[in-house]
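The structure under discussion appears below in the form of structure tokens.
The values are calculated or read from the model by the stated rules, or taken from the named source; none is laboratory data. These figures come from a predicted structure and were not determined experimentally. All Cβ positions, even for glycine, are placed from backbone atoms using ideal geometry, and neighbour counts span all protein chains on display. Surface areas here come from the heavy atoms of the whole protein model, side chains and all, with no ligands, DNA or RNA. Shrake-Rupley method; radii C 1.70, N 1.55, O 1.52, S 1.80 Å.
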Amino acid sequence: MYKQPREAHEARIYTQAYRVYGMVYLVPTTGTADLLNHEKPYLPVTGALIYTPGYAHPPETKELKASTGFLALRKERIQWMVGGRPSEPRTSPSLLERKRLAFLFGDYLLAGELLVPRGVRLSDHLSQAKPFQTLLEAKLYTLAPDRPIVELPPQETFPFVTVNLRLAEAVAEAPGEAHDPRLTLFG
């Protein structure tokens, strides 16, 4: 039994091996990143539907691998999550700035605005921040070899997602934010 009251939230949780749909439970004053950054290594999920890996939503019926009333999901395996509530910054908003970034996960990427401290190098912040961070105004993009990242069209849009900085394979400029690097590097 929980010591504090909890609010149920629908969630889509993405790992390298699965897509898990189910319910997660937040303390009323906290956000999804707070829950995932908490020291407990497992995330309780109820009413879990476990699908093959991927990013397509909604998943097809044939992609369902299993279902269970309760699943304790290892947090360190979570790449990103949709659902819950955005975590509020613990510092004054005047000390933060929004950086538009894209996080690479296999053959797709998530782009959005990450709040980072003003004057801190992005690489330093990414290396030292807690693993789970809120990415605001997020969009999912499918990579295409014939198009630079900055020209990709979005496949899905979210008010926010919670990303695991430790499992993102790379960080790049977000689509629509820069010029095609092939023009100067290779052409």
Subject >> Extreme residue, modelled with the highest pLDDT, among residues of the range 150-187 that are in a helix (DSSP H, G or I) and either basic (Lys, Arg) or open to solvent by 60 Å² or more (accessible area, probe 1.4 Å) (or both) >> reply: Glu151
Original post:
Looking at this structure, is Leu126 open to solvent by less than 50 Å² (accessible area, probe 1.4 Å), under 23 Å from Pro41 (Cβ atoms) and in a helix (DSSP H, G or I)?
Top reply: yes
Original post:
Out of the range 4-30, which residues are touching a residue at least 40 places away in the same chain (Cβ under 8 Å) and open to solvent by less than 30 Å² (accessible area, probe 1.4 Å)?
Top reply: Ala11, Arg12, Ile13, Tyr14, Thr15, Arg19, Val20, Gly22, Val24, Leu26
Subject >> Any pair with Cβ under 7 angstrom, 6 or more apart, that starts in the range 148-168 at a residue that is closer than 15 Å to Trp80 by Cβ and ends at one that is surrounded by fewer than 18 Cβ atoms within 10 Å (Cβ to Cβ) and β-branched (Val, Ile, Thr) >> reply: Gln155/Thr142
**OP:** Of the conditions (1) open to solvent by 30 Å² or more (accessible area, probe 1.4 Å); (2) at pLDDT below 95, Leu136 clears all except one; give me its number.
**Re:** (2)
**OP:** Hey, can you tell me all the residues within the range 41-72 that are touching a helix residue (DSSP H, G or I) at 6+ places or on another chain (Cβ under 9 Å) and within 19 Å of Arg85 (Cα to Cα)?
**Re:** Tyr42, Leu43
**OP:** Quickly run through the range 98-123 and pick out the residues that are free of Cβ contacts under 8 Å to residues at least 40 places away in the same chain and either open to solvent by 50 Å² or more (accessible area, probe 1.4 Å) or not charged (D, E, K, R) (or both).
**Re:** Arg98, Lys99, Asp107, Leu114, Leu115, Val116, Pro117, Arg118, Gly119, Val120, Arg121, Ser123
